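Please treat every number below as a calculation from the coordinates, not as lab data. The structure displayed is predicted, hence computed values, not measured ones. Virtual Cβ from ideal backbone geometry, glycine too; neighbours counted across all protein chains shown.
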Amino acid sequence: MPAQPTQPETRPRAQSLFEQHLTDVQLLLARQRRVEALVEKQDMPRHGVVEDLVHRQHLVELHNLLRRLSAAEIARLIEVLPEEDRLTTWQEVEESRGELVLEFLPDELRAELLAARPLHGAPSSAVSAFELRNGRLSQARIARREDLATVAPIWIDLVAPSAQVRAWVGEFFDLYLPDPEDVDDIEESARFYIDDNGAVHLSSNFLLSRQGATRNVPVAFILHRNILFSIRNEELPVFRLQRLRARTQPGYVSDGKDVLLDLYGADVEYSADTLEETYAELERVGRQVLSPQVSDDEAAEILAEIAKSEDLNGRIRRNVLDTRRALSFLMRGRMLSPEQHEDARQILRDIESLDGHTSFLFNKINFLMDAAVGFININQNKRVSKLTAITVVFVPINIIAGIGGMSEFSMMTEGIPWPISYGAFTVAMALLGYGTYHALRYFERREAAKRLAARRSRSA
């Protein structure tokens, strides 16, 4: 019988167009992982170049597939994918569409994706005006002074503004907009005050964690004529997340003070999420520290990780302390409505809970630091003990060698050929060293056996 022609491999027909897209994404991701695993096992010249080309091959296909989908479809795909695939897919979403995709996702996923890849779609210097429309924030880009006359904003957000931009925005609203780098004084009178025009000025630090580096970014706030002005020199995940929330949830904010309180509350949440990551990192470091053997190189890496965690913990404490001072100033000045006053009190309660966690982490960091230093000292003591044992072995040999170097030895071996006398002398030194070494080993094993027996008797 003639051979039956083989049928080409076909995928099962999806029940819907979304399921077809989901299947395509999962196939591309699976192929990428499979080929990456094969390339890693191969020993070939220019391995890194080949691996990079193969790595990009399926990601380019994924990128092209996502370009054909709507923002809502991409968001739905990201939501149902596993965490690893979700982050890989998010990396291939076009920068210009990233913020639109985030609008269709829940808050938890937004924060996770922004932490994995912050969006940098805004220009180096950007002025945005936000006004309320149907209970939601509506964003408008402001390119020149005339654009301000077309909006009724409750929030003006300036990112890396030049002196000229700050000047014409300030002239339009009749106030002075400072450079955020010039508002980092420690004294409260310089950071929180009301000027002669009745504008409320606040200077706060917001936490920024990006690519393993964490720092505090100064932000200047001004409340003037029920409008919130925020000036900073770089984009922050907290601000982007709050814009997304206010644009997707009706009634989320009603005026500039609501926006300000929500920003402070989101910063506390961001600090709490960063603390959770620090907990996880210290747990990993703790398992290394408490392992039976820690080399000096491992101890040095552990100390570096602990120092990084200590620095992060200190920045978080400074950040929440700064937020507490700002909220206390607003509450003492009776600038908040009863509902806003209660929101501020809730944020302060969250800060109090964070204080307990930062204190616990501070103690844990000190413990791990002491333990790592202790292992380094133990390793040094072991090396000194080995050197001492070597010295003990060679002490009797040195005594015999000293005797052999004296003229009396020649008199004592007179009549014996020197090869035999000195050969026997060398053998005697070797036997003495060998005997001394094994005697030391015997006493060490006996002491170790005694300690083991005592430990077993205590545990019995």
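How high is the FRET efficiency between Arg225 and Glu301 when r is their beta carbon distance and R₀ equals 45 Å, given to the nearest 0.05?
My answer for the efficiency is 0.25.
Roughly what percent of Cα-Cα pairs across region 185-339 reach past 22 Å?
When all Cα pairs of region 185-339 are counted, 50 percent exceed 22 Å.
Please compute P(r) over all alpha-carbon pairs of region 334-382, binned at 5 Å starting from zero, and give each bin as a whole-number percent.
Calculated over all Cα pairs of region 334-382, the distribution is 5, 18, 11, 11, 10, 8, 9, 7, 6, 5, 4, 3, 2, 0 percent.
Quick one: if you stick a label point 7 Å off each Cα along the C-beta vector at Ala160 and Ile378, how many nm between them?
Each label point is offset 7 Å from its Cα along the Cβ direction, giving 5.0 nm.
Arg349 versus Arg67, label points 7 Å from Cα toward the beta carbon: distance in nm?
5.1
Using a simple spin-label model with points 7 Å from Cα along the Cα→Cβ vector, what separation in nm is obtained for Asp24 and Arg456?
Between Asp24 and Arg456, the simple spin-label model gives 6.9 nm.
Test of understanding: what is the full-extension gain from Phe362 to Tyr422, defined as 0.36 nm times their sequence separation minus their Cα-Cα distance?
15.0 nm
Work out the FRET efficiency for Val151 and Ala272 from their Cβ-Cβ distance, taking R0 = 35 Å, and round it to the nearest 0.05.
Efficiency for this residue pair is about 0.55.
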